[in-house]
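Asks: Can you read through this structure? Questions will come right after.
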Amino acid sequence: MARSEGKVALVTGAAGGIGAGIAERLARDGHRIAIVDIKDGTPVAEAIRQAGGEAAFFHCDVTRPEMVEELRKAVESRFGACDILVNNAGRYEMRSFDDLTFEHWRATMALNLDAMFLMAKAFAPAMRKAKWGRIIHMASNSTFLAPPGMPQYIASKSGAIGLARALGAEFGPDGITVNVVAPGPIDTEQVRASFAAEIGGGSGAGFDDFIGMMVANQAVKRPGKPRDVAGLVAFLASDEAEFITTQTIVIDGGWARV
Ligand SMILES: NC(=O)c1ccc[n+]([C@@H]2O[C@H](COP(=O)([O-])OP(=O)(O)OC[C@H]3O[C@@H](n4cnc5c(N)ncnc54)[C@H](O)[C@@H]3O)[C@@H](O)[C@H]2O)c1
């Protein structure tokens, strides 16, 4: 078997963007998909079912411990224990250190880092019992490039990398790998909207101008797509990747050459 087919895969932040791309790809690989989001993920689940896959939407704010515990129960009663956990939900905001309040800092940490801890607490025990599991954290190439204007984002994503290393070391003997995917700019609606507002504001420049500047830094001269990230996640979730753990793989067309 080329891929670990027929597992239960949970993807956070899968109502749109990269998460939806990952959910669709893992469904095509034969997994049963739990789509988790605070936004309505029913259309993504429906599209997967229409294509012949199995998926259900679970509403959950992954920053809230009690909701994460309810989520675990709901997913287990619908599909059984989760085998593949993709912590994709994340928030991004351009903000210089001078404009950064503790509230902004906390909100970013809560989603980009605390939620990964909560999800591991809820879902790793069953993986350890099953002696098989895959945990994948979504970080960013900005951890390596460290541009100014997003200290809270860079710090949170660096924390996600550290947590993956630590958990990978603890869970390895139980057949669980923990890895990180670190994309560069990926063409999603959210990124388009935020760059049109933040960078383009007033100047007329928007995502297309932004992506043009980004692509100029890359070795591969095209914008990244959700399907690029989804392909890497699918590989890390597979049996073929069982010897890869605690690693961070940058997927940005060769910009951050780490
Ligand atoms: N798009 C990019 O260019 C890019 C680049 C590098 C890293 N990333 C990372 O990839 C991930 C996905 O990015 P995206 O561009 O698809 O973002 P997106 O905003 O399109 O998707 C994020 C999803 O997370 C959901 N979400 C937000 N708060 C939540 C919460 N508390 N509980 C559950 N769900 C919640 C949102 O509703 C949304 O559907 C993020 O972690 C982001 O930091 C994105």
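Nothing in this text is a laboratory measurement; each read-out follows from the coordinates by a stated rule. The structure displayed is predicted, hence computed values, not measured ones. Here Cβ is always computed from backbone atoms with ideal geometry, including for glycine, and neighbour counts include all displayed protein chains.
Asks: Name the most mobile residue of 41, 172, 52, meaning the one with the largest mean-square fluctuation, in a Gaussian network model of the chain with Cα contacts below 10 Å.
Replies: So, out of 41, 172, 52, the one fluctuating most is 52.
Asks: Still on this structure, please answer the following. Arranged from highest to lowest average of other beta-carbon atoms within 10 Å per residue, in what order do the peptides 83-95, 159-171 appear?
Replies: The peptides rank, most packed first, as 83-95, 159-171.
Asks: Related question: Plugging the Kirkwood radius over Cα pairs into Stokes-Einstein for segment 138-258, at a temperature of 37 °C and a viscosity of 0.692 mPa s, what D comes out in µm²/s? Walk me through the intermediate numbers first.
Replies: On the way: Rh = 15.5 Å.
This corresponds to a translational diffusion coefficient of 211 µm²/s.
Asks: Hey, another quick one. Placing one identical point scatterer on every Cα of segment 2-158 and ignoring solvent, what is log10 I(q)/I(0) from the Debye formula at q = 0.12 Å⁻¹?
Replies: -0.52
Asks: Taking the highest mean first, how do the peptides 118-125, 138-145, 219-226 order by number of other beta carbon atoms within 10 angstrom per residue?
Replies: Answer by packing, highest mean first, reads 138-145, 118-125, 219-226.
Asks: Going down the list 73/129; 7/131; 7/129; 7/73; 7/225, which pairs span over 19 Å between their C-alpha atoms?
Replies: Listed pairs above 19 Å: 7/225.
Asks: May I pose another question? Could you give the dipole magnitude of the chain about its Cα centre, charging the beta-carbon of Lys and Arg +1 and that of Asp and Glu -1, in debye to the nearest 20?
Replies: Working: 27 positive and 30 negative charges, 106 e Å.
For this selection, approximately 500 debye.
Asks: Helix check for the chain. Which DSSP H runs span at least 27 Å along their own axis by Cα, with a mean Kyte-Doolittle hydropathy no less than -0.5?
Replies: Qualifying helices: 151-171.
Asks: Between the alpha-carbon centers of segment 134-150 and segment 220-249, tell me the distance in whole angstrom.
Replies: A separation of 15 Å, based on Cα centres.
Asks: What order do you get for 101-114, 12-25 when each peptide is scored by the mean count of other beta carbon atoms within 10 Å, highest first? Write out the running numbers ahead of the final one.
Replies: Numbers: 101-114: 16.6, 12-25: 26.2.
Going by the mean number of other Cβ atoms within 10 Å, highest first, we get 12-25, 101-114.
Asks: Shifting gears a bit: Fewest Cβ neighbours within 10 Å first, please rank 249, 154 accordingly. Spell out each step's value before the answer.
Replies: Numbers: 249 17, 154 20.
Exposure proxy ranking, most exposed first: 249, 154.
Asks: Continuing with the same structure: Given a Förster radius of 22 Å and the C-beta distance between residue 257 and residue 213 as r, what FRET efficiency does 1/(1 + (r/R0)^6) yield to the nearest 0.05?
Replies: Efficiency, from the Cβ-Cβ distance: 0.80.
Asks: Once fully extended, how much extra length lies between residue 54 and residue 39, figured as 0.36 nm per residue of separation less the alpha-carbon to alpha-carbon distance?
Replies: 3.4 nm
Asks: Give me the dipole magnitude in Debye, nearest 20, for segment 16-64 about the Cα centre, with unit charges on the beta carbon: positive for Lys and Arg, negative for Asp and Glu.
Replies: With Lys and Arg at +1 and Asp and Glu at -1, about 80 debye.
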